[in-house]
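Report on the following structure.
Please treat every number below as a calculation from the coordinates, not as lab data. Here the structure is a predicted model, which is why all the values come from computation and not from measurement. FYI the Cβ positions are ideal-geometry reconstructions off the backbone, even for glycines, and counts take in every protein chain you see.
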Amino acid sequence: MSDANSFRPSLLIGIGGTGSRIAQSVFSRAKRNGLVNSGRVKVLSFDTDDNDTRRLGELSSDQKVRYSTAQCVDDLLDNYPEVEQNWFVQPRSELPMEIRRMTLLDGAGQVRMLSRLALHD
């Protein structure tokens, strides 16, 4: 857009690794076109994966939200017993021990109930 002042303010929200990379890419394009300096484009990235979050080098720390902790899935379910009863897709006893012992700092592995668990925490 040639006239940056006619551009409507926009908030780019990236969810997960791919969504965050796309938001960063669009933000970079807006930056090259002078829209970032005008304050008309902002970006916010949400991810459980600490490594993916760190790779978003062009984004500042206040533009990135990592919403996972070093607690393993079992510990998180212990902290929130209502989660397993109300919306967790399957009982933890049916989950492989590998998933029960993993932390979400390396991502939720496209398993939506794990992403939701991290966000719930």
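When each of the peptides 29-40, 88-99, 109-120 is scored by the mean number of other C-beta atoms lying within 10 Å of its residues, the order from highest to lowest reads 109-120, 29-40, 88-99. In order along region 61-72, the phi-based Karplus estimate (6.51 cos²θ - 1.76 cosθ + 1.60, θ = phi - 60°) of 3J(HN,Hα) comes to 4, 7, 9, 10, 10, 9, 10, 9, 10, 7, 6, 7 Hz; Gly and Pro are listed as x. Along the axis of the charge dipole computed for the chain (Cβ charges of +1 for Lys and Arg, -1 for Asp and Glu, origin at the Cα centre), the listed residues Y67, S25, I15 are led at the positive end by S25. Across region 49-58, rounded Karplus estimates of 3J(HN,Hα) from the backbone phi angles (6.51 cos²θ - 1.76 cosθ + 1.60, θ = phi - 60°) give 7, 4, 5, 4, 4, 5, 6, 7, x, 6 Hz, Gly and Pro being marked x. With a Förster radius of 35 Å applied to the C-beta separation of I22 and S93, the computed FRET efficiency comes to 0.40.
Towards the positive end of the charge dipole of the chain, with charges on Cβ (+1 Lys, Arg; -1 Asp, Glu), say which of N51, L105, V41 has the farthest Cα. Value computed over the given set: V41.
Look at (1) 1.02; (2) 0.98; (3) 1.12: the one that is Rg/Rh (Cα atoms, Kirkwood Rh) derived from this structure is (3).
Give me the dipole magnitude in Debye, nearest 20, for the chain about the Cα centre, with unit charges on the beta carbon: positive for Lys and Arg, negative for Asp and Glu.
Details: 16 positive and 16 negative charges, 178 e Å.
That gives a dipole near 860 debye.
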